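Some notes on the structure that comes next.
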């Protein structure tokens, strides 16, 4: 893999993998590249006319998912959005419609905005509580939040993103989600292998791709497309997958997906995986959802009809491809017989120098332990995990995480808070993770007071409880400190808005 990969990856992530929304509108003037038209006329034959019409004239849909980790999520959704609860396809918690990123439910992690067809990837993964799961190309967090909901706070989810800025966004989205068993890392794929050899039960690779499935959503994707884009993407996808396979347990499952139509990046990639490694293509059961099968004539192995495609002229949503592959239970070939490509050594060496080295010792000092025990008498935390202090920050680290030594981590499980001089200051993440916030010292806020809170303003009160969870209806929105009739504001400065 060359140094050019990083620049390429960054550009394509920004263009094709954003899970933000645009206003749906009928688009009548999209000009598709002639090479794209010629290619899909040949591949689709009589279907081609309907396919091009769907891309150039059809509207797109907005959607969002409900957070199953929040016990009051369904009732709060019904209260705040009583007239817009149309179910979306491909995910049990999915709905059609728009939720503002500055709304109460979004800011408190009750919902996550996501294009409806993008929900299919984690639905296919079907993570089970207790499993160890890797989301290798995770930002901005759509798949990771969905996977975390499936795990139900049991097991381990490692959400990795190679680009630092995108990794920060990923971490913030998972913080709001209230997931306690999630570790966010910032590494190139091959750098993770040393930490997690043959470790994961499931690995999700939503690979950077040519983005053809986003054409009707993002005209910039069309402008960036060239005739050789799918072939170049396929080369890079193989490099990523070669490293991912090394981290999969024998008997484990690899979920591979793209948001493109190109056979080079879909059926041909699956054929390469089956022929190169000891994979079988597992069936996918999504009930009676409207999906299409992969095209067996576009690959070279049996079973490609068990993969799934979403076409804009045949299925709801944008273009997607997803496959579920199962590794042989006695397989060791991925570590011994098949050499995987590695990053440019100089690039790897430089990135390691820049990495913040974590220590997995994390013992609390006597003073830190005293301050934590003092805080936890009022806020007893019924969560399992390893208490570890990294500098002045206290974390509850998932039990199944093997090590943090040398690993570049943005989120090491649940951030409990920070030790300050003679006190412990609880974190926003802890407030988001509390399942029954009214069981702790708390103050109830109105919506008007919440709007002041997210602006960073002080709120008046009539108590003197000290640390309190701030609650709107049943929704925990953060911590405050109630002192002599005022609630001091501890909403994270980076999240504040007017």
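The values are calculated or read from the model by the stated rules, or taken from the named source; none is laboratory data. Note that this is a predicted model, so its numbers are computed, not measured. Note: ideal-geometry Cβ built from the backbone for every residue, glycine included; neighbour counts use all protein chains shown.
Key figures
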read-out	value
Within the range 465-480, tally of residues that are modelled with pLDDT under 95 and more than 12 Å from residue 434 (Cβ to Cβ)	1
Residues (closer than 13 Å to residue 157 by Cα and in contact with a helix residue (DSSP H, G or I) (Cβ under 9 Å, 6 or more places away or on another chain)) located in the range 404-421	411, 414
Out of 457, 435, sole residue that is at pLDDT below 95 and within 21 Å of residue 106 (Cα to Cα)	435
Tally, over the range 214-235, of residues that are modelled with pLDDT under 95 and assigned to a helix (DSSP H, G or I)	7
Some residue of the range 413-420 being surrounded by 15 or more Cβ atoms within 10 Å (Cβ to Cβ) and assigned to a loop (DSSP other than H, G, I, E, B)	yes
Lone qualifier among 310, 304, 325 - being in contact with a helix residue (DSSP H, G or I) (Cβ under 7 Å, 6 or more places away or on another chain), at pLDDT 95 or above, within 20 Å of residue 239 (Cα to Cα) and buried (at least 16 other Cβ atoms within 10 Å of the Cβ)	325
Of residues in the range 157-178 being more than 12 Å from the chain's Cα centre (by Cα) and buried (at least 24 other Cβ atoms within 10 Å of the Cβ), the one nearest to residue 406 (Cα to Cα)	162
So residue 410, is it within 30 Å of residue 195 (Cβ to Cβ), touching a strand residue (DSSP E or B) at 6+ places or on another chain (Cβ under 6 Å) and not assigned by TED's automatic domain parsing to the domain that holds residue 371	yes
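Conditions (1) over 30 Å from the mean Cα position of the chain (by Cα); (2) in contact (Cβ under 8 Å) with a residue 24 or more places away in the chain; (3) not in a helix (DSSP H, G or I), marked per residue:
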residue	(1), (2), (3)
406	no, yes, yes
435	no, yes, yes
451	no, no, no
457	yes, yes, yes
469	no, yes, yes
481	yes, no, yes
